[in-house]
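Student: Can you read through this structure? Questions will come right after.
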Amino acid sequence: MKDTVRMALDMDPVPAIDIFASAGGLTLGFKEAKIQTVCAVEIEKHRVATFARHTPTANILNEDVQRIDFSKYAGKVELIYGGPPCQPFSSGGQQRATRDERNMIPAFIRAIATVRPAAFFMENVPGLVTGDRRAYFVKILAEYRALGYTVAWKVINAADYGVPQKRRRLFVVGLRGREFSFPAPSHGPGGRFSHVAVRDVLPLHQIGDPNLSRVFYAKRPDLRPSCFDGHLFNGGGRPIDPSQPCHTILASAGGNKTHFFDDQQLVAEYHRHLLAGGDPRAGSLPGARRLTVTESAIIQTFPKDMVFMGPRSAQYHQVGDAVPPKLAAVMGRALVWQLRGIAADSREESIEPTQRRLAL
């Protein structure tokens, strides 16, 4: 292990471009893995301002990626990474896929074709590999292979890598001459550590500016075996089980799609009431407390001192739209070590369990 650490410290940073950078979840994690982001592309002004605070050395291009000439980076960067807008392929929404003008995967591929880096890393929604969208995904893989890359892909649950959140994302990785090996899950069944729970990273009291959006009982509740699943309340926000990883933090959070704490512990009783045939209740749930931006960011594993720019709605969007930095760090280390040829049996790709931070 000491030799591995010494090799990691001696390695030159991997110069990279972050396309569709958003608030920089991938960049923050990759930075821990000795990936140096020299250029970032992001068109939304508040995300640009957030990114610039934590990575001021990057050349941030605040413009339409489809109009950018990346040729000046050819031969100068080893990695292109990013998450092309995924709304066209999300299981929610309109599901227009390639017909949607927000489909930026062709622009991502064009950048790779221009720069010809040693590797690429693409993040997207799992919906891209399901149903009638899978045919388009197969086409994308063929385009990457035609550019000379050996491509590997996998749908990852962030909770299996030490993130206190059940968040499934698709990662597609291309290397020249060899296939990327995804790091084995470090947490949960089969891992070295237990899943990190919400109570492991957040105190019992609220931190951050309060979210005053109330929680209302649904007129037609959707019952599931667990009171923390289904939809017993209006909106996409669900009650949080502190003993488990959180539900996926949504980019659309801020209002009734924000998950909440049940401070008076009434959700389980209401769930039993409904299972017994009781009528749905009306009005708001007493003691419900929505996640703040600060709490959401901690669950996403952003640094504790992270500052998100713009109005609160934009901050929620930046947090929920990001790849958890800790997950990015795990994937980034595996990518860098494989690029540098460090043997698999000498690598340490897991992350230690998150410690409780009750002092927050």
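The values are calculated or read from the model by the stated rules, or taken from the named source; none is laboratory data. This one's a predicted model, so the numbers in the text were calculated from it and none came from an experiment. When we count neighbours, we look across all protein chains shown, and the Cβ atoms used for this are built from the backbone with ideal geometry, even at glycine. Areas reflect the complete protein model, heavy atoms only, side chains present, ligands, DNA and RNA absent. Shrake-Rupley method; radii C 1.70, N 1.55, O 1.52, S 1.80 Å.
Student: Count, please, the residues in the range 323-340 that happen to be of a type in the set (A, V, I, L, M, F, W, C) and under 16 Å from residue 162 (Cα atoms).
Tutor: 7
Student: Sort through 254, 278, 236 and tell me the only one that's assigned to a loop (DSSP other than H, G, I, E, B) and over 20 Å from the mean Cα position of the chain (by Cα).
Tutor: Residue meeting the stated conditions: 278.
Student: Also: Among the listed residues 290, 272, identify the single one that is surrounded by fewer than 18 Cβ atoms within 10 Å (Cβ to Cβ) and not small (Gly, Ala, Ser).
Tutor: Unique residue meeting the criteria: 272.
Student: Quick one: residue 347 ticks every box in (1) among the charged types (D, E, K, R); (2) open to solvent by 60 Å² or more (accessible area, probe 1.4 Å); (3) modelled with pLDDT under 95 except a single one, so which number is it?
Tutor: It fails just one condition, (2).
Student: Does residue 302 meet the test of being of a type in the set (A, V, I, L, M, F, W, C) and either assigned to a helix (DSSP H, G or I) or farther than 26 Å from residue 185 by Cα (or both)?
Tutor: Numbers: of a type in the set (A, V, I, L, M, F, W, C): yes; either assigned to a helix (DSSP H, G or I) or farther than 26 Å from residue 185 by Cα (or both): no.
No, not satisfied.
For (1) more than 20 Å from residue 176 (Cβ to Cβ); (2) part of a strand (DSSP E or B); (3) open to solvent by 10 Å² or more (accessible area, probe 1.4 Å), each residue gets a yes or a no:
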position: 50; (1), (2), (3): yes, no, no
position: 57; (1), (2), (3): yes, no, yes
position: 66; (1), (2), (3): yes, no, yes
position: 75; (1), (2), (3): no, no, yes
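Student: State which residue is surrounded by the most Cβ atoms within 10 Å (Cβ to Cβ) when the search covers only the range 207-232 and only residues that are without any contact (Cβ under 8 Å) to a residue 40 or more places away in the chain and within 23 Å of the chain's Cα centre (by Cα).
Tutor: Filtering first and then ranking leaves 228.
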